[in-house]
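Encoded as structure tokens, the structure appears first; notes follow it.
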Amino acid sequence: MTKALRFQLYQPTAHFRDYRFSQDNYLGTLPLPSPTTVIGMLAYLCDERFEEELQVAISGVSAAKETHFLRGEIGTFWKEYQTFLKQKKLKDWTDSKNYRHFKDNIVKNRIMNVEVLRELELTIFVTGSEATLQRIHQHLLHPQRYLSLGRKEDFALLGKIDRSTDTNKFVPVKPVLLDVEINQGMPLIELLQQKIKLDKCYLPVSENTSDKILDAGPIFRLPHTYRDIKAEKVDREYQVKTYVYLDEGLYPENQALAYCNYQEQKEYFVWM
């Protein structure tokens, strides 16, 4: 039995860069954040660099996915602008007339298409040493920093949307520390009887993963930790894993599952 921290987040808008899309003017989004995105948010919130590997489990659903259009400069804009000033022997790079002339008449700008999730609700589990979990718990209960996940402009609130009424009211939900146990796997008939189904979450893939699981949803390669967690930020390298995103749900036959008791019900999930 281990301890884990459970919390829920609500984001009116969210974007988690999907690096499968290589187009410079189109930015796709993942359906859920990666483990390192969640850990990065917690590290910023606690104002510390975790010197241990935290495990994360993430599930969630959004109301819709939209494509937003943003205007922006091309990637080489500033370098070309400095060259333009030197060629024209202009010293004041902050002069608005020079800037507007260069932007509107020489390089112009571009339209970027960005996928954005709307009304995203997440349930997140984190486990690590008890001291680290206690610190994260206290910072979530009494945050001293702006809470955002993914892009800085995509703020996050601790809670969920109550959809039992027509008003869809936001309800705060406090983070809690829970005991977590591991079930080494159940046959399909038992999963069906107990209605244990994984849905809207990432499931790790290995060389022994069955075709049934591989066919259950899109496959992603996501960063789950760093090769050297004690390295400085500029020197950090991701370690990646392969995951299946269970968009339609799956009864995880003979799959090891973590579970906890929350509000008199068992919640099942898989560590990433």
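The figures follow:
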| item | result |
| --- | --- |
| Residue, surrounded by the most Cβ atoms within 10 Å (Cβ to Cβ), within the range 192-214, restricted to residues that are at pLDDT below 90 and not basic (Lys, Arg) | ILE213 |
| Candidate set: the range 114-130, residues that are over 12 Å from LEU30 (Cα atoms) and among the β-branched types (Val, Ile, Thr); chosen: the one farthest from the chain's Cα centre (by Cα) | THR127 |
| Residue in the range 33-53 that is nearest to THR242 (Cα to Cα), counting only those that are under 15 Å from the mean Cα position of the chain (by Cα) and part of a loop (DSSP other than H, G, I, E, B) | SER34 |
| Candidate set: the range 66-93, residues that are of a type in the set (Ser, Thr, Tyr) and in a helix (DSSP H, G or I); chosen: the one modelled with the lowest pLDDT | TYR81 |
| Criterion violated by HIS68 - all others in (1) under 29 Å from SER129 (Cα atoms); (2) more than 17 Å from the chain's Cα centre (by Cα) satisfied | (1) |
| Test: residue in the range 139-161 that is open to solvent by 90 Å² or more (accessible area, probe 1.4 Å), modelled with pLDDT under 95 and in contact with an Asp or Glu (Cβ under 6 Å, 6 or more places away or on another chain) | no |
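Quick grid of which residues meet (1) over 30 Å from GLU80 (Cβ atoms); (2) among the aliphatic types (A, V, I, L, M); (3) in contact with a Leu (Cβ under 9 Å, 6 or more places away or on another chain); (4) not in a loop (DSSP other than H, G, I, E, B):
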residue: VAL116; (1), (2), (3), (4): no, yes, no, yes
residue: GLN134; (1), (2), (3), (4): yes, no, yes, yes
residue: LEU158; (1), (2), (3), (4): yes, yes, yes, yes
residue: THR167; (1), (2), (3), (4): yes, no, no, no
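The values are calculated or read from the model by the stated rules, or taken from the named source; none is laboratory data. Keep in mind that this is a model prediction, so the values were computed, not measured. Cβ sites come from the backbone with ideal geometry, for glycine too, and all protein chains shown count toward neighbours. To get the accessible areas, we keep the full protein, side chains included, count just its heavy atoms, and leave off ligands, DNA and RNA. Shrake-Rupley method; radii C 1.70, N 1.55, O 1.52, S 1.80 Å.
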